[in-house]
Amino acid sequence: MAPMLMIRRLPLLRVSTLLLFLLLRFDAFPAAYASGHDYFDALRKSILFFEGQRSGRLPPDQRLHWRRDSALHDGASAGVDLTGGYYDAGDNVKFGFPMAFTMTLLSWSIIDFGRTMGSELPNVVKAVRWGTDYLLKATSIPGLVFVQVGDPYSDHNCWERPEDMDTLRTAYSIDRAHPGSDVAGETAAALAAASIVFRSRDPVYSRLLLNRAVRVFAFANRYRGAYSDSLSRAVCPFYCDVNGYQDELLWGAVWLHKASRRREYREYIMRNEVVLHAGDTINEFGWDNKHAGINVLISKEVLMGRADYFQSFKNNADGFICSVLPGISHPQVQYSPGGLIFKAGGSNMQHVTSLSFLLLAYSNYLNHARKTVPCGEFSASPALLRQLAKRQVDYILGDNPIRMSYMVGYGDRYPRRIHHRASSLPSVQAHPEHIACKEGSRYYLSPDPNPNVLVGAVVGGPNVSDAFPDSRPFFQESEPTTYINAPLVGLLGYFSAHP
Ligand SMILES: *[C@@H]1O[C@H](CO)[C@@H](O)[C@H](O)[C@H]1NC(C)=O
């Protein structure tokens, strides 16, 4: 591990020599922990996790049996049906912004890597549909988008099972007078991406998704503003759009372009590239910031020789790839001594999985075009990007200094005290009596392992020193989220066929 540390401290100069040196180190690196992983098993588990996050009436084929129906009156206070969808993490709020991003990434996982998911593919498709069925409900009224169900203060004040919930289930919405181009743009992206997933599987549903995406995007674009301004008390600091809504407008347009091939979206992208700051913060990708994703997704067309007019996006994507490579000590991307991508701000695994996803997707686009990424004097090959992504996945699955699998239920050592209400409280079957808001505290504070194993959940992960507390109160390390898993599903789909 020491060499990695040393490399990070070297100055930015002489990048090419440094990278060559690193390549050697990098080849040698996995051997230190290598154990050989069952990526298909991890894929199966990573998608099972989404069943544990389901809200609403559970279907007969629900495989995670300790969960029950919950939140069956969501939307009633607003006179609409908003049951269904996903709880975002270890709480019981349905936050629309990260939920939509999760659906976009789960769809992208299928579009790029579904071919190698084998018998798990139908389960991944079901997980998308569970989310898009909800997003269709949330966007059923023109000029209105429901963006959240559940008062986060009321919810976070309790440690309660979703099945017992008696907290405020306020339904929050945006409209023309209270815009939210960020959440609406992301919702349009999710609907458009999912329309590609269902294009041949269910053409009628696919058209419904695409038509809705078109309408929601037009609303997002016409009534501009950040939902953090319109709904500040409900969404900040939880899923506050710090980065602005411009990236989601471009992101929505890019997915609509891909899904519809309509000229208007290509023209929108070209016309708005500069206005909407496509070149800003090119090395970020997550529920708040879509820039690297936009650039990588559009670059596929440039690399296929179909869209020279998008060349500047490819330049940005190349810049992003170079900034993530170890050895270039970029201020916003660092590596832990054990080799994990690390970004400040908590729940680090979301960055690990989303950046690794982009590395792997880009590696495939480059490979088909027989191209490499120019990083100064050095060029990064598709094989290098793939190797870096694989190294991150292997770290998650247990190839790390403390030999901890960060996926619950995978391997022998995994997090036992995850910050997750349903997992940590006894199940309804084991304890049918209601457990009230504050009665849950003793389970939260207990040193015992969680009674319900939330198989496939990937938690926030270790700190920058590769240490992990496995303790509920350390939520930045011990809480799983849907947007950590969504890109991981794609990665595992690929590596289960290309170990
Ligand atoms: C990481 O966690 C370990 C164990 O809890 C702690 O000793 C160490 O100081 C932490 N490192 C950082 C950089 O926070």
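Looking at the range 290-310, which of the residues that are over 14 Å from V274 (Cβ atoms), of a type outside the set (D, E) and open to solvent by 30 Å² or more (accessible area, probe 1.4 Å) is modelled with the lowest pLDDT?
R306
Can you find a residue in the range 395-405 that is part of a loop (DSSP other than H, G, I, E, B), farther than 19 Å from D38 by Cα, open to solvent by 10 Å² or more (accessible area, probe 1.4 Å) and away from the ligand (no atom under 16 Å from the Cβ)? Give the steps one after another, and end with the answer.
Start the filter on the range 395-405 by keeping residues that are part of a loop (DSSP other than H, G, I, E, B), which leaves 398-405.
Now drop any that are not farther than 19 Å from D38 by Cα, which leaves 401-402.
Of the ones still in play, those that are also open to solvent by 10 Å² or more (accessible area, probe 1.4 Å) are 401-402.
From what is left, the residues that are away from the ligand (no atom under 16 Å from the Cβ) are none.
So far as the range 395-405 goes, no, none of its residues is part of a loop (DSSP other than H, G, I, E, B), farther than 19 Å from D38 by Cα, open to solvent by 10 Å² or more (accessible area, probe 1.4 Å) and away from the ligand (no atom under 16 Å from the Cβ).
Here are the criteria: (1) within 26 Å of C236 (Cβ to Cβ); (2) of a type outside the set (D, E, K, R); (3) in a helix (DSSP H, G or I). Tell me which single one V254 does not satisfy.
(1)
Just a yes or no: is a residue in the range 411-431 out of contact with any helix residue (DSSP H, G or I) (no Cβ under 6 Å at 6 or more places or on another chain), more than 16 Å from the ligand (Cβ to nearest atom), of a type in the set (G, A, S) and open to solvent by 60 Å² or more (accessible area, probe 1.4 Å)?
For the range 411-431, residues out of contact with any helix residue (DSSP H, G or I) (no Cβ under 6 Å at 6 or more places or on another chain), more than 16 Å from the ligand (Cβ to nearest atom), of a type in the set (G, A, S) and open to solvent by 60 Å² or more (accessible area, probe 1.4 Å): present.
May I ask you to list the residues in the range 449-478 that are part of a loop (DSSP other than H, G, I, E, B) and away from the ligand (no atom under 16 Å from the Cβ)?
P449, N450, P451, N452, V453, L454, V455, G456, A457
Could you please tell me which pairs satisfy a Cβ distance under 9 Å, a separation of 6+ or placement on different chains, a first residue in the range 210-221 that is within 12 Å of A189 (Cα to Cα) and modelled with pLDDT of 95 or more, and a second residue that is among the aromatic types (F, W, Y) and not in a helix (DSSP H, G or I)?
A220/Y245
For residues in the range 479-497 being open to solvent by 10 Å² or more (accessible area, probe 1.4 Å) and more than 10 Å from H420 (Cα to Cα), which is farthest from the ligand (Cβ to nearest atom)?
As a first pass, look at the range 479-497 and keep what is open to solvent by 10 Å² or more (accessible area, probe 1.4 Å): 479, 483, 494, 496-497.
Imposing the further condition that a residue be more than 10 Å from H420 (Cα to Cα) reduces the set to 483, 494, 496-497.
Numbers: Y483: 24, Y494: 31, S496: 32, A497: 36 Å.
Filtering the range 479-497 for residues that are open to solvent by 10 Å² or more (accessible area, probe 1.4 Å) and more than 10 Å from H420 (Cα to Cα), the one farthest from the ligand (Cβ to nearest atom) comes out as A497.
Within the range 451-469, track down each residue that is open to solvent by less than 20 Å² (accessible area, probe 1.4 Å) and over 21 Å from the mean Cα position of the chain (by Cα). Can you show your working first?
Applying the first criterion (open to solvent by less than 20 Å² (accessible area, probe 1.4 Å)) to the range 451-469 yields 452, 454, 456-462, 466.
The answer is N452, D466.
Can you pull out every residue in the range 168-182 that is more than 17 Å from S140 (Cα to Cα) and either over 23 Å from the mean Cα position of the chain (by Cα) or open to solvent by 50 Å² or more (accessible area, probe 1.4 Å) (or both)?
Once the filter is applied, which keeps residues that are more than 17 Å from S140 (Cα to Cα) and either over 23 Å from the mean Cα position of the chain (by Cα) or open to solvent by 50 Å² or more (accessible area, probe 1.4 Å) (or both), the range 168-182 yields L168, R169, T170, A177, H178.
The values are calculated or read from the model by the stated rules, or taken from the named source; none is laboratory data. Small disclaimer: the values here were computed from a predicted structure and weren't measured. Quick reminder, even Gly has a Cβ in these numbers, built from the backbone with ideal geometry, and neighbours come from all protein chains shown. Calculation scope for accessible area: heavy atoms of the full protein, side chains included, ligands and nucleic acids excluded. Shrake-Rupley method; radii C 1.70, N 1.55, O 1.52, S 1.80 Å.
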